[in-house]
Amino acid sequence: MGEVSVSSLLVSRRGFAVMAGAALAAGGARGQALPPLAGTAESPMGPFYPVSHLAEADADLVWLKGHKVRALGEVIEVSGRVLDRHGVPMRDATLELWQANAAGRYAHPNDISKAPLDPNFQGFASLRTDRDGGWRITTIKPAAYDSPIGLRTPHIHFDVRGAAHRLNAQMYFPEEATLNAKDQLYKGLGGEAGTSVAAAAGAGKYHWDIVLMDG
């Protein structure tokens with residue numbers, strides 16, 4: 001057997017130590033599993049799911065094709081992702097969403113409110129998430145309105161369908177904390193209410209991730 005130099009032996013030992021340390025670090029990382037995400041709270045579908053849709057159901061609820069005037073009210077952008085409880089983005093999840101207009105009225109025959117309809121407001125959208133689970137809409141911030149169960153704070157309804165789970169949820173606005181606290185449906189969410197509140201993401205922008213517990 002040939003002679004082994006001291007320098008070669010030291011290099012070998014250093015290399016072994018580096019590789020062993022990397023292996024231990026990787027094993028430690030694998031052993032520390034992150035806790036699952038809290039699922040987005042379930043909410044009632046409500047009485048105003050559209051019985052008939054406009055010809056358009058795209059992500060821009062503010063402008064209708066062929067109309068020269070946009071919808072009335074404050075234009076906002078809402079974006080987010082659909083995730084499973086492990087935080088994995090869900091590609092091609094389906095979202096339907098509907099809401100009241102800037103006067104607090106739905107384009108639905110069961111809404112007997114005296115508030116005016118807006119013929120330029122789409123009021124409904126049907127989307128699919130992208131490869132990163134992302135979605136985005138441009139819409140009008142809905143107004144609060146009176147209902148048989150009392151005041152409804154501004155909110156947007158969502159019907160979300162993943163590969164194995166369907167969720168009806170309502171998204172609330174962070175700046176409406178006072179009205180949210182008076183809303184019976186919001187209060188009924190209890191400790192899960194925070195999962196239904198969007199985050200402010202700049203002027204007129206909101207971000208809301210939807211977590212489906214069963215994917």
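A few notes on this one:
- Only one entry of Ser52, Ser43 meets the criterion of being more than 22 Å from Gly191 (Cα to Cα), hydroxyl-bearing (Ser, Thr, Tyr) and not in a strand (DSSP E or B), and that entry is Ser52.
- Selected residue (criterion: surrounded by the fewest Cβ atoms within 10 Å (Cβ to Cβ)) from residues of region 74-108 that are closer than 20 Å to Phe48 by Cα and in contact (Cβ under 8 Å) with a residue 60 or more places away in the chain: Thr94
- The residues in region 130-161 that are closer than 23 Å to Met213 by Cα and surrounded by fewer than 22 Cβ atoms within 10 Å (Cβ to Cβ) can be counted, and the count is 8.
- A count restricted to region 93-105 and to residues that are part of a loop (DSSP other than H, G, I, E, B) and in contact with a Gly (Cβ under 7 Å, 6 or more places away or on another chain) stands at 4.
- Region 172-192, residues that are out of contact with any Ser or Thr (no Cβ under 6 Å at 6 or more places or on another chain) and under 20 Å from Leu95 (Cα atoms): Phe173
- Residues in region 118-129 that are in a loop (DSSP other than H, G, I, E, B) and loosely packed, with under 15 Cβ neighbours inside 10 Å: Pro119 alone.
- Considering residues of region 35-58 that are of a type in the set (S, T, N, Q) and farther than 13 Å from Tyr106 by Cα only, the residue surrounded by the most Cβ atoms within 10 Å (Cβ to Cβ): Thr40
Computed from the coordinates by the stated procedures, all read-outs in this text should not be read as laboratory data. Just so you know, these numbers come straight off a predicted model, no measurement behind them. Cβ atoms come from the backbone with ideal geometry, glycine included; neighbour counts cover every protein chain shown.
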